[in-house]
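This report concerns only the one structure given below.
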Amino acid sequence: MDITLIVVLVIALALFFDFTNGFHDTANAMATPIATGAMKPKVAVTVAAVLNLVGAFLSTAVATSISHGLINEGPGGVAITPEMIFAGLIGAVVWNMITWLRGLPSSSSHALFGGLIGAAIVGAGFQSVNYAALMTVVIIPAFLSPVIAALVSLLSTRIAYRITRRPVFPNERGGFRIGQVFTSSMVSLAHGTNDAQKTMGVITLTLIASGAQSSTQGVQFWVVIACALAIALGTYTGGWRIIRTLGSGITEIRATQGFAAEASTAATILASSHLGFALSTTQVSSGSIIGAGLGRRGSKIQWSTAGKIVIAWFITLPASAAVGAIASGIARFGVVGLVIDAVIGAVVILGLYLWSLRKPHEQAIEVDVAANAVFTRKELRDLQRKKRAEDVAARRAELSRERTLRRMAGRKGGRR
């Protein structure tokens, strides 16, 4: 297959991943201000899309870390080929769609890194990956960022409650609700500065691997524009699904906590983008919300829910790496392998999307998963009472159904 055609296919798939990234992560910025009433849903989604677009133009430090550090260069240039990058993107996009459909609080960023690493190892060997860069740019920030965000958010929430002397509940229009407009906007801006750059880095890596640009050249401006538009469009499109899901107001975050959580998320991501660290917005946002929940007096962590969040974080990198490795192994058969990868990937992605249209309410919002990891004792008692009432109602409905069936059976017997 012509190298130019392969590069075009990789760029197109990378931009589609960028689109799914925005589609997948809109809730990280806008779920809490929508739920607390700080912003109207349509306004929130539009603001998120615009600020993701703007944020993508502010820095290229993360893109440089990915395109010039993650994959080693050999005597003939970068060890990875466009075919391997294509396979890695297949792994990332497929895993992104699976976790989006199931509502898992996974990381689009780690899905991307996992897919690329799995594809590179199968296609070029273990020596193709720069493990030092992987640790410093991806792994260590993945462990530290949610912890730091949680601690900052916890401290901010305590300070905010101390200042106000009482919690600000969703039906009160206080200064923190107004402040959420600013902080949630900063999270959207930060998301653009970090996540859009990952796709920029992948496209730049593809251009270097194909010989279309030198390894000393930075991110080209057309790449920045294309990635900025893709993530903004994905954010806007994904936001409408979030509006439908948030109609019931399931998030328990108060305006005070939302303000603290979003400020912590934005500060953590913006600082990391400046340093070139590729963070997971999902992880940082979830950590901030858990920290804000713990900032309430008398709250405690629900370890079962928190455990599910951590497990989802841990499995994303190896799971997407496995999918990327399989796709890379198939791609080694040449043109036929690439066609098979493309067809299987398209069928899986389309199938998952059509399934999501049939069952629109099964997807959980990631920040709601994090918010539900922390409750006060009163909230726990209320939830237990609600669960018992639901169980009783379900049992009564079942008994009523059984009685109805017995009566119907008796009438049929009498007629005979």
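Return yes or no: is residue 106 surrounded by fewer than 24 Cβ atoms within 10 Å (Cβ to Cβ) and either closer than 26 Å to residue 349 by Cα or modelled with pLDDT under 80 (or both)?
The answer is no for residue 106.
So which residues in the range 327-343 are charged (D, E, K, R) and open to solvent by less than 40 Å² (accessible area, probe 1.4 Å)?
Result: 341, single match.
Within the range 60-75, can you find the residues that are more than 16 Å from residue 213 (Cα to Cα), at pLDDT 80 or above and not aliphatic (A, V, I, L, M)?
60, the sole residue that qualifies.
Which one of these is in contact with a Cys (Cβ under 8 Å, 6 or more places away or on another chain), at pLDDT below 90 and either under 21 Å from residue 108 (Cβ atoms) or in a loop (DSSP other than H, G, I, E, B) (or both): 217, 213, 197?
None of the others qualify; the one that does is 197.
Which pairs have Cβ atoms under 7 Å, sit 6 or more apart or on different chains, and link a residue in the range 202-217 that is closer than 15 Å to residue 86 by Cβ to one that is open to solvent by 60 Å² or more (accessible area, probe 1.4 Å)?
210/3
Of 183, 204, 157, which residue is polar (S, T, N, Q) and either in contact with a strand residue (DSSP E or B) (Cβ under 6 Å, 6 or more places away or on another chain) or at pLDDT 90 or above (or both)?
204
Within the range 111-135, work out how many residues are open to solvent by 10 Å² or more (accessible area, probe 1.4 Å), in contact (Cβ under 8 Å) with a residue 60 or more places away in the chain and assigned to a helix (DSSP H, G or I).
6
Anything in the range 18-58 that is modelled with pLDDT under 85, under 15 Å from the mean Cα position of the chain (by Cα) and of a type in the set (A, V, I, L, M, F, W, C)? List them, or say none.
Once the filter is applied, which keeps residues that are modelled with pLDDT under 85, under 15 Å from the mean Cα position of the chain (by Cα) and of a type in the set (A, V, I, L, M, F, W, C), the range 18-58 yields 23, 27, 29, 30, 31.
Quick grid of which residues meet (1) open to solvent by 10 Å² or more (accessible area, probe 1.4 Å); (2) in contact with an Asp or Glu (Cβ under 6 Å, 6 or more places away or on another chain); (3) aromatic (Phe, Trp, Tyr):
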| site | (1), (2), (3) |
| --- | --- |
| 199 | no, yes, no |
| 205 | no, no, no |
| 211 | yes, no, no |
| 215 | yes, no, no |
| 222 | yes, no, yes |
| 225 | yes, no, no |
| 230 | yes, yes, no |
| 237 | yes, no, no |
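Give the residue that is farthest from the chain's Cα centre (by Cα), with candidates limited to residues of the range 261-314 that are closer than 28 Å to residue 199 by Cβ and without any contact (Cβ under 8 Å) to a residue 60 or more places away in the chain.
Among those that are closer than 28 Å to residue 199 by Cβ and without any contact (Cβ under 8 Å) to a residue 60 or more places away in the chain, it is 271.
The values are calculated or read from the model by the stated rules, or taken from the named source; none is laboratory data. Nothing here was measured: the structure is a model prediction, and the numbers come from that model. We place every Cβ from the backbone using ideal geometry, glycine too, and count neighbours over all the protein chains shown. When the accessible area is computed, the model is the full protein with side chains, heavy atoms only, and any ligands, DNA or RNA have been set aside. Shrake-Rupley method; radii C 1.70, N 1.55, O 1.52, S 1.80 Å.
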